[in-house]
Every structure is written in C-alpha cells, then in structure tokens.
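Below: the structure, in structure tokens.
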Amino acid sequence: MPVTLQERAGINWRDYPITIGFPVPKGNKDYAVPPRVVDTWNNEVPSQAVLAGQWPQDGSPRWWLMTFLASVGRGSSTQYRIVPSGKKEITFKRQVNLTQEGDRVFLENGLLRVEIAPNEQLLGRIWFNHSGRVSSAERDLAQEEAGLYLKTAGGLFQGKNSQVSIVESGRIRTVVLIKGDFYHTETQQLNGFSYEGQLVFYGDSPFINLQLTIVNQELTDWTRVDGAWVCFQQKQYQDESWEGAFGCGGPGVAEVKLDSEEKASLAVLGPEKFSWEGKPVTRPQLKELNTDDFGWVDLTASGFGMTIGVSNCWQQYPKALEISGLGRINIELVPKASPVLWGKGVAKTHDLTILFHSARDREYTERIKGLLNAVPVASLPAAWYNQAGVFYNPLRIHNSAYAEEMMIASAFLGEKSKGDFLNLYGPASFGDEINQENWGIFNYGDIRRDFSSPWGVKGAYWNNNQYDLPLLLLREFLETTDAVFLDIAKASLRHVSDVDLAHPSAADRITPGLDHIRSARTGLLAEAEDFSYVKNQGLLLGYYLIGDYRLLNMAIKVANRICLIDGLNPDRPRSYGLGIIGSLIGYEATGEERYLLRAREIGDDLVDVVEQNKGILPSDFTYQTGLAIEGLLHLSHWDKDPVLMKTVKTVVDRVIYDFWDEESGFLQDIGGLTFTSILCRLYEQTGNETYRNICQTQFSKFLNSTEILKPRDVALSYRNLYAILNMEGKQKQQETPE
C-alpha cells in the first residue's frame with residue numbers, strides 16, 4: 001500500500017519519524033501481524049507498528065499506528081509502501097531505550113536521555129550529547145530541568161507529577177503520559193488546577209514533543225490566572241556566556257547576547273500586538289509576518305544549544321518567550337503581562353517541541369520552523385479506506401474511478417467542498433490559506449458567527465454546534481491529501497477536547513473562558529442542554545490518524561457519559577441519532593458490548609417515538625430527523641435487527657410525503673442532504689427509483705448552488721454527501737455487461 005510523503009517546509013528531512021494510521025479490512029490475513037515499511041527501491045526502513053484498534057466481535061486488527069523513519073527532499077514528495085510482515089526487523093543506530101526503576105522512567109536514544117518520576121516536577125532531568133554518547137559521565141553532558149508553574153490570587157503554585165505511565169512503547173516512538181497537580185510553593189496546599197503531559201520520545205532524534213494540557217477544576221466559575229509557564233533551567237553550564245535567538249516571523253532571526261543578570265523576551269498579546277522586553281535584540285526588518293516562523297526561542301552556550309517552540313504560537317495568543325543569562329528559558333503559556341479569566345472546567349493544550357543541537361549547528365533555525373508547524377505529511381490512497389471498510393460513509397476517491405457522467409460531478413464537488421470548508425475561516429491572511437485571526441487562547445480552532453434572530457440577543461458568538469466538524473475536516477484531508485485540512489482539523493479537535501468536553505463534571509459542553517461562548521437566547525454563559533453536541537467520531541479518527549492518546553480518551557469519555565446519563569430529548573430527534581453514534585464510537589474504540597447495548601437502548605427509544613407518532617419524528621427541521629435516522633442506520637451496521645431498517649423506511653417515506661418539493665429540489669431545505677446515505681441505502685435495498693431520484697436531485701441542486709454556507713450548513717451538508725458517488729458507482733457496475 002503506497003504512502004505518499006509531501007514536504008512543505010522548504011527543507012531537507014532525513015530519517016524523520018512519520019506516524020500514520022493504517023486501516024485494515026476485517027479479517028485481512030496479510031496485515032494480521034504488524035506490517036513493515038519499504039522505500040521506493042524496496043529496501044526496508046526502520047518502522048514500528050502499534051495496534052490502535054480492533055474489529056469488534058472478531059478482534060482482528062482494524063487500525064495499525066505506523067511510525068517509520070522517512071526522508072524527503074526540499075519541496076518534493078516521495079513514496080514509501082506499507083507491506084505485510086515477513087522479514088526480520090532491521091536494527092538501526094540510537095533506537096529508543098526504555099527502562100524503569102520503580103516509578104521512575106528513563107528514555108534514551110544516544111543523543112538524549114530523559115528522566116520522569118512521580119512526586120517530582122514535570123520533567124526531572126534531560127541530558128544531551130550531540131556526539132551520541134549520552135550514556136557517558138554526566139559531567140560532560142548538558143543537563144536541563146523542566147518545571148511547570150501557575151500564578152493566581154492564591155499565590156505561586158508549582159506542578160508536581162502524580163502519575164507517570166507508558167501508553168506506547170517502541171524502538172522509534174515511545175509515548176509517556178504524565179498527570180499532576182499544582183501545589184503552593186510555600187504551604188504545599190493544592191489549588192484547583194491540574195495538568196496532563198503527553199511526551200513523545202523518538203529514536204535517533206535530537207528533539208522531543210510535549211503536549212501539555214492545563215485544566216481548571218476549581219469549584220468557582222472563574223479564576224484569574226496571572227501567569228502560567230514552563231521553565232527550562234540548565235544545571236551544568238550556568239556560568240556560560242549565552243547567545244539567544246528568537247523566531248520573529250520572517251527571514252532571519254532576532255539575536256541577543258546575555259550576561260548573567262540580563263533577560264530578553266518576546267510576547268504576542270493579540271493578533272497584531274507584539275512586545276519586546278529586556279535587553280534589545282537585533283532583528284531583521286519584516287515586510288509581512290509569516291506565522292510559521294514565529295513562536296520559538298533558542299539559548300546557546302559554548303557546548304550546546306536548546307531550542308523550544310510552541311506550535312501555532314501566534315494563533316494562540318497571548319503567549320511569551322523569555323530567556324536569561326542564567327541559562328533559563330520560560331515559555332509563558334499565560335503571560336504575566338496579560339492575565340486571563342479561566343472558566344471552570346476549561347482545559348488548554350499546547351504543543352511544545354524541544355530541540356537540542358551543537359553550538360556550531362546553524363541549521364537548527366530551519367529545522368525548528370518545520371518541526372513546529374510544517375512537518376512532512378503522509379497520506380494513503382482514499383480508496384484504501386473505503387476498501388478497508390472503516391468508515392460507514394465512503395470517502396470521495398479519485399475522479400477517474402467513477403462513471404463518466406459522475407467524473408465531472410466528483411471533480412466539481414471536490415473544488416466546492418474545499419471552498420466551503422476554507423470559507424468558514426474567512427479570506428486568506430499572512431500568506432496562509434485560511435484566516436486564523438480568531439484563534440485565541442480559548443477559541444483555538446472554533447468558528448465565530450453573527451447571530452441576529454428576532455428572539456435572540458444580537459452579537460457575535462462562538463459557534464460549537466458543528467455536528468463534528470473535526471471529522472469532516474479529517475475526511476477532507478484523506479480525500480484531497482491537502483495538509484491545510486489536517487492543520488485545521490487538529491485545531492478544531494484541540495478546541496473540542498479542551499473546551500467542549502473537558503469539564504470534570506462530565507457536562508457535554510462547558511463554556512470556555514473569556515466571554516466567547518454565550519447563549520444566543522440570553523446573552524449569558526451557558527451549557528448545552530442535551531447530547532446534540534457530541535463529536536467523538538472526529539476525536540477517535542484523530543487518534544487513529546495521528547496517534548494522539550488524549551483524543552482516544554476523550555472519545556471514550558463521551559461514550560461513557562452517554563452510558564450513564566439519559567440526555568435524550570423527544571423534541572430534538574438529533575439527540576437520539578447523535579447519542580447512538582456517540583455510543584457506537586465507544587464500541588468501535590474498545591469492543592466492549594456495553595456501548596453497543598446502550599446504542600441499542602437509545603435506538604429502541606427512538607423506534608418507540610416513531611411508533612407513538614405514527615411514523616413521524618416531531619421536529620421543525622428535516623435535518624433533525626435526518627440525524628436521528630442516520631443513528632439508526634449506523635446501529636443497523638452492527639445490529640442486523642430488521643426492525644431498525646423498517647423504522648428507517650417508515651420515517652423516510654413520511655418525510656418524502658410531507659416535505660419533498662421537486663421545484664425546490666430539497667426535502668424541505670438544504671437540511672435534506674442529511675438523508676443522502678439513508679436514501680442511498682434504501683435504494684440499494686429496495687430498488688425503488690424514488691429514493692435514487694430524490695438523492696440525485698438534491699445532490700445536483702447542492703452542486704450548482706452558489707450560496708455561501710454557514711458553518712452548521714457545511715457540517716450538515718457534507719457529513720454523508722459522498723455516499724451518492726458510491727451508489728452511482730455500484731449502479732454503473734450493475735448496468736455494465738461483463
């Protein structure tokens with residue numbers, strides 16, 4: 001199976017660890033054991049395969065999480081292949097070596113050695129030796145300590161680890177989960193904040209990735225945070241003369257030399273508000289800000305240098321980077337100059353990259369830019385996902401795969417979908433394909449809209465009612481291999497998991513900080529009333545594709561809540577359909593029958609509602625009915641009870657009778673597109689041309705529309721639209737003689 005690797009940072013990458021999710025058809029024997037990776041010349045490259053998901057019921061592999069060392073030239077692409085296992089694993093220099101001494105965890109790859117332990121600060125110690133002899137005497141090595149701090153009205157608090165666990169172990173990639181709490185630096189009393197760190201350690205690499213999440217679990221609604229920062233302190237070379245460098249958003253870097261008492265810092269406090277403090281730095285003139293070249297800082301002594309960066313730093317303002325002549329780097333996640341009100345239950349996650357290099361290395365500036373925001377992107381053919389059967393609704397594949405009359409429609413739909421998804425974020429800015437001006441500390445990856453309904457409070461609101469927009473963005477990436485959709489999807493996933501689903505009370509959505517989310521009815525902060533906002537399909541797919549374990553945990557957390565709390569509202573049929581799907585995601589992720597049973601309970605309740613209302617689902621909008629019936633369709637995929645499909649047909653026939661209007665071309669309105677996969681399935685099962693004709697008419701009407709869609713309409717329209725391409729392809733095969 002070919003894997004295409006695309007370079008996008010404008011640099012050469014050698015033996016860079018690429019992680020990609022690889023789906024497997026049910027019962028496939030070729031990939032029943034861990035696959036391996038070969039290059040263009042059929043030479044095996046170092047790789048590891050971790051079982052990320054199994055097919056429920058038979059337990060065969062469903063997803064492998066593949067990590068391999070890849071190389072690609074500047075501005076080019078190359079191809080690797082995932083192949084069935086068969087040869088002995090090849091060894092390579094500086095593999096990950098994991099050891100444990102009691103509760104203490106040690107990770108080593110020759111270049112780096114990291115020590116993590118409970119009851120200590122975030123990262124106990126990090127050693128570096130650019131010659132690859134990190135195991136030699138410690139006095140010859142650079143040694144860093146990394147701690148996490150938070151300041152509120154209650155004083156200064158330091159993070160202390162409570163739990164350290166290995167969630168993935170391999171010779172190329174090992175992932176460590178760190179959990180901890182904040183203690184007052186003097187009284188040792190706890191405050192209400194906690195943190196989680198996901199450390200990714202690689203073989204043969206001088207850098208590590210740290211995903212750091214801080215959660216407000218205070219009992220009060222709001223806490224003023226006067227500062228939150230990660231401090232990296234050099235312990236071996238404190239008397240050195242230090243040279244500092246900042247990525248400043250353009251060609252060249254900002255440079256400064258620091259004595260022991262001197263500091264220099266760069267803060268971004270708003271979309272266009274930057275502040276330089278401390279010792280003046282020498283920086284180049286900027287004609288235009290390049291956000292990918294922003295958000296990193298370096299401190300170099302005579303023997304080594306350390307570079308630390310925050311991914312998408314500008315978009316997540318306010319942020320600050322500070323260095324001192326005592327060998328210290330502070331990454332201010334909440335700058336002291338810009339305190340924030342942090343809402344109860346809200347989390348905030350940052351991706352940090354920590355890169356070590358020799359003092360003579362002058363190419364680290366290019367590497368850190370790429371590592372932060374523009375690593376190579378790997379992709380599989382979209383057709384393989386359909387063949388693997390891991391998606392209920394198929395992906396749109398290459399246009400040439402469809403019947404002649406559908407080729408143009410498929411190509412046009414691809415261009416239309418790209419425009420619709422990018423338009424959600426406004427016109428291009430700062431050279432980016434999307435406008436990220438609305439990405440702030442708590443609104444990262446969300447969408448703003450103006451609300452002006454007569455019964456509502458007028459104003460701009462952050463709109464989370466997106467029916468799993470992250471899922472659609474990830475699918476758009478798989479269909480197009482365009483990295484811009486992967487970047488937006490990651491941002492949207494981050495927002496969903498931090499703001500929508502992180503609350504310790506298990507509330508489906510707690511409002512984020514500042515004043516961004518308000519009820520359109522009252523203008524006041526509010527929580528969702530039912531399950532209509534669950535988005536764990538996108539969370540689980542994010543885990544499968546990029547190996548982020550926090551997304552997996554969040555997806556299961558949503559499914560657990562649906563198992564524990566009713567959350568169903570007969571006046572909002574969508575709560576049934578999305579509740580069913582949310583439960584089934586737990587089943588898909590774990591294979592545990594309780595999730596399937598809960599989905600069936602909700603399905604039975606929905607069937608009862610249909611029977612009580614004589615085939616009608618009470619709702620003002622057809623899209624609500626479509627979402628409800630879509631849930632039954634998903635359930636029938638796992639539970640073959642004919643009552644489910646009988647109910648689907650009953651409801652759809654009544655919707656057609658009540659709402660089908662040939663002149664408008666929609667079942668009531670554009671919300672009728674939520675019936676696309678349902679109509680396709682009914683046509684395949686019954687052969688009734690009415691279902692096919694309505695499906696085709698709605699598709700054509702949507703395809704030829706020039707209307708600029710609102711976020712909700714984009715999410716509803718595209719969630720299962722490509723099913724019609726698959727249906728027409730099957731129809732063409734049946735009509736074509738052998």
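Computed quantities for the displayed model
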{"read-out": "Residue within the range 242-262 that is exposed (fewer than 14 other Cβ atoms within 10 Å of the Cβ), among the hydroxyl-bearing types (S, T, Y) and more than 30 Å from the chain's Cα centre (by Cα) present", "value": "yes"}
{"read-out": "Some residue of the range 445-460 being of a type in the set (A, V, I, L, M, F, W, C), buried (at least 22 other Cβ atoms within 10 Å of the Cβ) and at pLDDT 85 or above", "value": "no"}
{"read-out": "Residue list for the range 67-103, filter: under 23 Å from V176 (Cβ atoms), of a type in the set (F, W, Y) and either out of contact with any strand residue (DSSP E or B) (no Cβ under 8 Å at 6 or more places or on another chain) or at pLDDT 95 or above (or both)", "value": "F68"}
{"read-out": "Only listed residue being among the charged types (D, E, K, R) and touching a Cys at 6+ places or on another chain (Cβ under 8 Å), chosen from R594, R600", "value": "R594"}
{"read-out": "Residue selected from the range 586-599 under the condition in contact (Cβ under 8 Å) with a residue 60 or more places away in the chain and part of a helix (DSSP H, G or I), by the criterion farthest from D658 (Cα to Cα)", "value": "A589"}
{"read-out": "Of residues in the range 383-392 being surrounded by fewer than 19 Cβ atoms within 10 Å (Cβ to Cβ) and not aromatic (F, W, Y), the one nearest to Q6 (Cα to Cα)", "value": "A383"}
{"read-out": "Residue within the range 182-194 that is out of contact with any Pro (no Cβ under 7 Å at 6 or more places or on another chain), more than 29 Å from A359 (Cβ to Cβ), in contact (Cβ under 8 Å) with a residue 40 or more places away in the chain and assigned by TED's automatic domain parsing to the domain that holds L219 present", "value": "yes"}
{"read-out": "Residue match in the range 600-615 (condition: part of a strand (DSSP E or B), touching a Gly at 6+ places or on another chain (Cβ under 6 Å), buried (at least 17 other Cβ atoms within 10 Å of the Cβ) and not acidic (D, E))", "value": "no"}
{"read-out": "Any strands (runs of 3 or more DSSP E) falling wholly within the range 284-380 and containing at least 2 residues that are among the aliphatic types (A, V, I, L, M) and within 20 Å of E196 (Cβ to Cβ)", "value": "304-310, 328-334, 347-358"}
{"read-out": "All positions within the range 337-355 that are among the basic types (K, R) and either without any contact (Cβ under 8 Å) to a residue 60 or more places away in the chain or surrounded by fewer than 23 Cβ atoms within 10 Å (Cβ to Cβ) (or both)", "value": "K344"}
{"read-out": "Residue satisfying condition, being surrounded by fewer than 24 Cβ atoms within 10 Å (Cβ to Cβ), among the charged types (D, E, K, R) and modelled with pLDDT under 70, within set D487, D530", "value": "D530"}
{"read-out": "Count - residues of the range 348-373 that are aromatic (F, W, Y) and either over 24 Å from Q316 (Cα atoms) or in the same structural domain as G73 (by TED's automatic domain parsing) (or both)", "value": "1"}
{"read-out": "First in the range 240-265 and in a strand (DSSP E or B), second anywhere and crowded, with 17+ Cβ neighbours inside 10 Å and acidic (D, E), Cβ under 6 Å, 6 or more apart", "value": "A245/D298; G247/D293; K257/E243; S265/E322"}
{"read-out": "Y691 vs. criteria surrounded by fewer than 22 Cβ atoms within 10 Å (Cβ to Cβ), farther than 17 Å from R572 by Cα and among the aromatic types (F, W, Y)", "value": "no"}
{"read-out": "Within the range 207-220, tally of residues that are of a type outside the set (D, E), modelled with pLDDT under 95 and more than 20 Å from the chain's Cα centre (by Cα)", "value": "4"}
{"read-out": "Candidates G631, G626, filtered to the one that is farther than 21 Å from D661 by Cβ and part of a helix (DSSP H, G or I)", "value": "G631"}
{"read-out": "Hey, V253 touching a helix residue (DSSP H, G or I) at 6+ places or on another chain (Cβ under 7 Å) and not hydroxyl-bearing (S, T, Y) or not", "value": "yes"}
{"read-out": "Candidate set from the range 145-163 (those that are under 21 Å from F207 (Cα atoms) and surrounded by 22 or more Cβ atoms within 10 Å (Cβ to Cβ)); member that is modelled with the highest pLDDT", "value": "L148"}
{"read-out": "Residue selected from the range 150-176 under the condition in contact with a His (Cβ under 9 Å, 6 or more places away or on another chain) and not in a loop (DSSP other than H, G, I, E, B), by the criterion nearest to L112 (Cα to Cα)", "value": "Q158"}
{"read-out": "The lone exception for V652 - which of (1) surrounded by 15 or more Cβ atoms within 10 Å (Cβ to Cβ); (2) under 20 Å from R719 (Cβ atoms); (3) modelled with pLDDT under 95; (4) not aromatic (F, W, Y) it fails", "value": "(3)"}
{"read-out": "Enumeration of residues in the range 56-95 that are more than 20 Å from P206 (Cβ to Cβ), crowded, with 18+ Cβ neighbours inside 10 Å and in contact (Cβ under 8 Å) with a residue 40 or more places away in the chain", "value": "P56, R62, W63, W64, L65, M66, Y80, I82"}
{"read-out": "Single unsatisfied condition, D620 versus (1) part of a helix (DSSP H, G or I); (2) of a type outside the set (F, W, Y); (3) over 30 Å from R594 (Cα atoms)", "value": "(1)"}
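Here's the yes/no breakdown for (1) out of contact with any strand residue (DSSP E or B) (no Cβ under 8 Å at 6 or more places or on another chain); (2) of a type in the set (D, E, K, R); (3) at positive phi; (4) touching a residue at least 24 places away in the same chain (Cβ under 8 Å):
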position: V648; (1), (2), (3), (4): yes, no, no, yes
position: D653; (1), (2), (3), (4): yes, yes, no, yes
position: Q668; (1), (2), (3), (4): no, no, yes, yes
position: L679; (1), (2), (3), (4): yes, no, no, yes
position: G687; (1), (2), (3), (4): yes, no, yes, no
position: N693; (1), (2), (3), (4): yes, no, no, no
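The values are calculated or read from the model by the stated rules, or taken from the named source; none is laboratory data. Note that the coordinates shown come from a computational prediction; the quantities given were computed from them, not determined experimentally. Here Cβ is always computed from backbone atoms with ideal geometry, including for glycine, and neighbour counts include all displayed protein chains.
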